[in-house]
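Report on the following structure.
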Amino acid sequence: MEARAELNYLRISPRKVKIVLDLIRNKPVNLAMAILKHTPKAACEDLQKLLKSAMANAENNHNMDVANLYVAECSVSQGPILKRIRPRAQGRAYRIDKKTSHIKLVLKEKE
């Protein structure tokens, strides 16, 4: 039995999200929540909301005990890139890529 939550089109680079996901992988949910709360990274706030959502899904949809949950899988993949242009000297233009992320979080119960 597993509970999932997904967050799509988050306007943060997947590379930055992956750093935080590596901190909480295979941790109990209460420890993962504490790590997210005290880590000074931009992705932490959105990952906290995603973890709360996955915990609520586990409790309400699958009747799982929240005290026994842990982060079984968490992954990030790249979403669409927003392409923007920055004017430069002598009529040139540099392209700015604003990357987006798709995040998947899976919680399971300890046996």
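The values are calculated or read from the model by the stated rules, or taken from the named source; none is laboratory data. None of the values given here were measured: they were computed from a predicted structure. Every residue, glycine among them, receives a Cβ derived from its backbone with ideal geometry; neighbour counts consider all protein chains shown.
Tabulated data for the structure shown
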| quantity | calculated |
| --- | --- |
| Where a residue in region 84-98 is touching a residue at least 40 places away in the same chain (Cβ under 8 Å) and within 17 Å of Arg11 (Cα to Cα) and its partner, wherever it lies, is of a type in the set (A, V, I, L, M, F, W, C) and assigned to a strand (DSSP E or B), with Cβ under 7 Å and at least six apart | Lys98/Leu82 |
| Residue, surrounded by the fewest Cβ atoms within 10 Å (Cβ to Cβ), within region 39-61, restricted to residues that are closer than 24 Å to Thr100 by Cβ and either touching a residue at least 60 places away in the same chain (Cβ under 8 Å) or of a type in the set (D, E, K, R) (or both) | Glu45 |
| Residue match in region 24-37 (condition: part of a helix (DSSP H, G or I), touching a residue at least 40 places away in the same chain (Cβ under 8 Å), among the aliphatic types (A, V, I, L, M) and in contact with a strand residue (DSSP E or B) (Cβ under 8 Å, 6 or more places away or on another chain)) | yes |
| Some residue of region 1-11 being aliphatic (A, V, I, L, M) and part of a helix (DSSP H, G or I) | no |
| Enumeration of residues in region 69-86 that are more than 12 Å from the chain's Cα centre (by Cα), of a type in the set (Gly, Ala, Ser) and more than 11 Å from Leu105 (Cβ to Cβ) | Gly79 |
| Residue list for region 68-82, filter: more than 11 Å from Glu2 (Cα to Cα) and either without any contact (Cβ under 8 Å) to a residue 12 or more places away in the chain or out of contact with any Pro (no Cβ under 9 Å at 6 or more places or on another chain) (or both) | Cys74, Ser75, Pro80, Ile81, Leu82 |
| Residues that are exposed (fewer than 10 other Cβ atoms within 10 Å of the Cβ), in contact with a strand residue (DSSP E or B) (Cβ under 7 Å, 6 or more places away or on another chain) and hydrophobic (A, V, I, L, M, F, W, C), drawn from region 62-92 | Ile85 |
| Residue within region 7-19 that is under 18 Å from Ser101 (Cβ atoms), crowded, with 16+ Cβ neighbours inside 10 Å, without any contact (Cβ under 8 Å) to a residue 24 or more places away in the chain and not acidic (Asp, Glu) present | no |
| Strands (runs of 3 or more DSSP E) wholly inside region 42-111 containing at least 3 residues that are under 17 Å from Arg25 (Cα atoms) and at pLDDT 95 or above | 69-78, 101-109 |
